[in-house]
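The structure appears below as structure tokens.
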Amino acid sequence: MKIQSTEIPGVLIIEPSVFGDDRGFFLESFNEREMRRIGIEAHFVQDNHSRSQRNVLRGLHYQINQPQGKLVRVVSGKVFDVAVDMRRNSPAFGKWVGVELTAENKRLFWLPPGLAHGFLVLSEYADFLYKATDYYAQESERTILWNDTDVGIQWPLAGEPILSAKDTAGNKLREAEVFEGDSLLVETNA
């Protein structure tokens, strides 16, 4: 397994060991002992699977009262996956990191709690899997606008994305609830 740190503290790109032959391949997509060895002390409580078509952009989502760490991967297709640091006390607050996840590269992306997450589908469709460290809580979910100029994500878009009503109505970072240690504040001067 190869681990790549990113500019956001705690966010990792993981390349698992893949064993292949003429029959196909085998890889461990999750091994708690190996995750602990690389510093991920997560307890996962929920697995999710979404399928989306080309140009669907989901995000940027996070949960304010029940923050979720996420271990994400793509098993069919290709996505551009993004994490935005929502932790006010982080040196990377408001910064983003993006990585291409594909069925071919088999990368995993680890986002610790306190980050907003989103992805753009680059293939005809993509099957996206993620493990979460807390349960989904609709009342706790928040959304940052995918095109907030203060965040400045460089999405590899050809045309307009396909968005949900929730994602169209997201907040700008400067108006969003963010994490500050164990408490929250409404950011007013991003």
K106 being in contact (Cβ under 8 Å) with a residue 12 or more places away in the chain and surrounded by fewer than 18 Cβ atoms within 10 Å (Cβ to Cβ): no
Among (1) part of a loop (DSSP other than H, G, I, E, B); (2) β-branched (V, I, T); (3) in contact with a Gly (Cβ under 6 Å, 6 or more places away or on another chain), where does I8 come up short? (3)
So which of S90, S164, S123 ends up being buried (at least 18 other Cβ atoms within 10 Å of the Cβ), among the polar types (S, T, N, Q) and over 13 Å from the mean Cα position of the chain (by Cα)? S90
Residue under question is S76, and the condition is that it be within 20 Å of N171 (Cβ to Cβ), surrounded by fewer than 19 Cβ atoms within 10 Å (Cβ to Cβ) and of a type outside the set (D, E, K, R); does it hold? no
In the set A132, A116, A92, A137, the lone residue that is in contact (Cβ under 8 Å) with a residue 24 or more places away in the chain and more than 18 Å from V178 (Cα to Cα) is A132
Scanning the range 51-70 residue by residue, the ones that are more than 21 Å from W155 (Cα to Cα), buried (at least 22 other Cβ atoms within 10 Å of the Cβ) and among the hydrophobic types (A, V, I, L, M, F, W, C) total 0
From the set of residues in the range 80-118 that are part of a strand (DSSP E or B) and aromatic (F, W, Y), which is nearest to Q68 (Cα to Cα)? W110
Would you confirm whether any residue within the range 21-40 is at pLDDT below 95, surrounded by 13 or more Cβ atoms within 10 Å (Cβ to Cβ), among the polar types (S, T, N, Q) and within 19 Å of D81 (Cα to Cα)? yes
Those strands (runs of 3 or more DSSP E) lying entirely in the range 119-189 with at least 3 residues in contact with a strand residue (DSSP E or B) (Cβ under 9 Å, 6 or more places away or on another chain) and at pLDDT 95 or above: 125-132, 141-143
Is one or more of the residues making up the range 37-48 at negative phi, within 13 Å of the chain's Cα centre (by Cα) and touching a residue at least 40 places away in the same chain (Cβ under 8 Å)? yes
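The values are calculated or read from the model by the stated rules, or taken from the named source; none is laboratory data. Keep in mind that this is a model prediction, so the values were computed, not measured. With ideal geometry, Cβ positions are generated from the backbone for all residues, glycine too; neighbour counts draw on all protein chains shown.
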